[in-house]
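Peer 1: For reference, the structure I am asking about is given below.
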Amino acid sequence: AAATAAAPEELGTAAAARIFHLYLPLYFWCLGRARQAPTGRAVGIGISAPQGCGKTTLVDTLVGRFAADGLVCAAASFDDFYLTHEAQRELAAAHPTNRLLELRGNAGSHDVALGTATLRALLDREAEVAVPRYDKAAHGGRGDRAPEEAWHVQRDPVDVLLFEGWMAGFAPAGDAARLAGLDPDLALVDSFLRGYAEWHDKMDAWAVIGIDDLSHVCAWRTQAEQAMAAAGRPGMDDAAVADFVSRYLPAYRAYLPALYTAAQAGGVGGKPTLLARVDGSRRVVPTAELGAPSG
């Protein structure tokens, strides 16, 4: 919130562009959805954006702006509901030839029941809701769910819930031949993806941050890991990042085209949807028709 209160001349060019071309327009769009929410229930807004594009900063800014306008906004992430490290190892062991399930990230690597229960409690405006947290630095960057005492507790009933994730809004393709052509391991991921309808159906509107080149994802993830290392936290080296991101790329290729088509047509899940497009520097660029990203 402090950043959006700064005068334009006090901001760097890139920060000012993000604030005035993305953060504030998205905020006012979300505020409009909140004002249309039925009494007694929070409005759920799904935010779908690639890894590393700045989702955390965006969400933190939105939460602050809602607070400034007297509304309680909570944020949750798909990442919050990753399986524990041990459960992820068990998943990988159960499918030893599927490299997409060896590490966290793809559909199947989340505790869907935990996520459903948490989202329901927040949207029903319950108080004292514990929201899980995930420690991505644990186990040499493999990650693990944080202990419960480290979870965030949402004390007050919320008016707005922002639910973000890199695969938020992805819908099962069900096209076995196409999936096999992209990656032979995608079929199982696609079957797991059906269970995420429990999360998607709870959203009342969607914001989609789109890209036209998947190479941005690896570059952004590398930057994030380097920043974590500079802060003294363990993480992955560049080679490990490239391997890690390679396990996400098949899902991006499989599901982003349909997500972008829905966002530009009747809306994701037939719900109100705002689409913004960013480039490799995370700058908003004109949203001419956005199709399958290259890379």
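Peer 1: Over the Cα atoms of the stretch 185-232, how large are the radius of gyration and the largest Cα-Cα distance (Dmax), in Å?
Peer 2: In Å, with Rg to one decimal and Dmax whole: 16.1, 39.
Peer 1: Using only the Cα atoms of the chain, construct the convex hull and provide its projected area averaged over every direction, in square nanometres to one decimal.
Peer 2: Values: hull surface 60.9 nm².
Mean projected area of the Cα convex hull: 15.2 nm².
Peer 1: Per-residue HN-Hα couplings for the stretch 148-157, Karplus 6.51 cos²θ - 1.76 cosθ + 1.60 at θ = phi - 60°, whole Hz, x for Gly and Pro?
Peer 2: My calculation for the stretch 148-157 gives 4, 5, 9, 5, 7, 10, 7, 5, 9, x Hz in order.
Peer 1: Less than 13 Å Cβ to Cβ from THR97, Lys/Arg counted +1 and Asp/Glu -1: what total charge do the surrounding residues give?
Peer 2: On the way: positive: ARG99; negative: GLU102, ASP183, ASP185.
Net charge around THR97: -2.
Peer 1: Treating cross-link reach as a plain straight distance, find the lysines whose alpha-carbon is under 23 Å from the alpha-carbon of LYS271, omitting any fewer than eight places away in the same chain.
Peer 2: The reachable lysines, counting only those whose Cα sits under 23 Å from LYS271, are LYS55, LYS202.
Peer 1: Using alpha-carbon pairs under 8 Å, 6+ residues apart, how would you state the relative contact order of the chain in percent? Display every interim value, and only then the final one.
Peer 2: Values: 485 pairs, mean separation 71.0, N = 295.
Relative contact order of the chain: 24 percent.
Peer 1: Let me spell out the model: positive unit charges on the Cβ of Lys and Arg, negative unit charges on the Cβ of Asp and Glu, origin at the Cα centre of the stretch 96-216. What dipole size does that give, in debye rounded to 20? Show your work: numbers first, answer last.
Peer 2: On the way: 12 positive and 21 negative charges, 49 e Å.
Magnitude of the dipole: close to 240 debye.
Peer 1: Right, next: Does the stretch 45-94 come out rounded, prolate or oblate, given a ≥ b ≥ c as the square roots of the eigenvalues of its C-alpha gyration tensor, rounded meaning a/c under 1.5 and, failing that, prolate meaning a/b above b/c? Please report the intermediate quantities before stating the final value.
Peer 2: Working: a/c = 4.10, a/b = 2.49, b/c = 1.65.
It comes out prolate by the Cα gyration axes.
Peer 1: Take each of the peptides 153-165, 262-274, average the number of other beta-carbon atoms within 10 Å over its residues, and list them starting from the highest. Please list the in-between numbers first.
Peer 2: Working: 153-165: 19.8, 262-274: 17.5.
For the peptides 153-165, 262-274, the packing ranking is 153-165, 262-274.
Peer 1: What list of ³J(HN,Hα) values in whole Hz, one per residue of the stretch 268-283 in order, does the Karplus curve 6.51 cos²θ - 1.76 cosθ + 1.60 (θ = phi - 60°) give from phi, with Gly and Pro shown as x?
Peer 2: 5, x, x, 10, x, 9, 10, 10, 10, 10, 10, 9, x, 9, 6, 8
Peer 1: Using a 1.4 angstrom probe on heavy atoms only, work out the carbon and sulfur share of the accessible area of the chain in %.
Peer 2: Whole-percent figure for carbon plus sulfur exposure: 53.
Peer 1: Given a Förster radius of 35 Å and the C-beta distance between GLU128 and ALA92 as r, what FRET efficiency does 1/(1 + (r/R0)^6) yield to the nearest 0.05? Don't skip to the end; give the middle numbers.
Peer 2: Working: r = 35 Å, r/R0 = 0.99.
It comes to 0.50.
Peer 1: If you roll a 1.4 Å probe over the heavy atoms of the protein chains, what accessible area per residue do you get for the chain, in Å²?
Peer 2: Details: 12780 Å² over 295 residues.
Computed with neighbouring chains in place, this is 43 Å² per residue.
Peer 1: How high is the relative contact order of the stretch 34-125, given as a whole-number percent (alpha carbon pairs under 8 Å, six or more residues apart)? List each step's numbers first, then the result.
Peer 2: Numbers: 60 pairs, mean separation 27.9, N = 92.
Once divided by the residue count of the stretch 34-125, the mean separation gives 30 percent.
Peer 1: Using amide H atoms built in the peptide plane, which far-off residues or other-chain residues are under 5 Å from ALA207 H to H?
Peer 2: Long-range HN contacts for ALA207: GLY46, ILE47, SER48, LEU274.
Peer 1: Sorted by packing (mean other beta-carbon atoms within 10 Å per residue), highest first, where do 120-128, 225-233, 58-66, 25-33 land? Working shown, then result.
Peer 2: Working: 120-128: 15.4, 225-233: 13.0, 58-66: 20.6, 25-33: 17.0.
Packing proxy ranking, top to bottom: 58-66, 25-33, 120-128, 225-233.
Peer 1: Please list 3J(HN,Hα) in residue order for the stretch 22-33, calculated via the Karplus relation 6.51 cos²θ - 1.76 cosθ + 1.60 where θ = phi - 60°; whole Hz, with x for glycine and proline.
Peer 2: Coupling constants for the stretch 22-33: 10, 4, 6, x, 5, 4, 5, 5, 5, 4, x, 5 Hz.
Peer 1: Could I ask something else about it? Give the percent of DSSP beta bridges with both residues in the chain that are antiparallel, rounded to the nearest 5. Could the numbers behind the result be given before it?
Peer 2: Numbers: 8 of 29 bridges.
Taking every DSSP beta bridge with both residues in the chain, the antiparallel ones total about 30 percent.
Peer 1: Follow-up question, since we're still on this one. Taking amide H positions as placed in the peptide plane 1.01 Å from N, state which residues far from TYR82 in sequence (5 or more) or on other chains have amide H under 5 Å from it.
Peer 2: Placed amide hydrogens put ASP111 under 5 Å from TYR82.
Peer 1: May I have the pair-distance distribution P(r) for the stretch 63-147, computed from all Cα-Cα distances with 10 Å bins from 0 and rounded to whole percent?
Peer 2: 16, 40, 27, 13, 3, 0
Peer 1: Considering only LEU31, ALA146, TYR248, whose Cα is most displaced toward the positive end of the charge dipole of the chain, charges sitting on Cβ of Lys, Arg (+1) and Asp, Glu (-1)?
Peer 2: Of the candidates, LEU31 comes out farthest on the positive side.
The values are calculated or read from the model by the stated rules, or taken from the named source; none is laboratory data. In this text the structure is predicted, and so the values were computed from the model without any measurement. Don't worry about glycine lacking a Cβ; one is built from the backbone with ideal geometry, like all the others, and counts go over all protein chains shown. Each accessible area value is taken on the protein alone, full model and side chains, heavy atoms only, with ligands, DNA and RNA left out. Shrake-Rupley method; radii C 1.70, N 1.55, O 1.52, S 1.80 Å.
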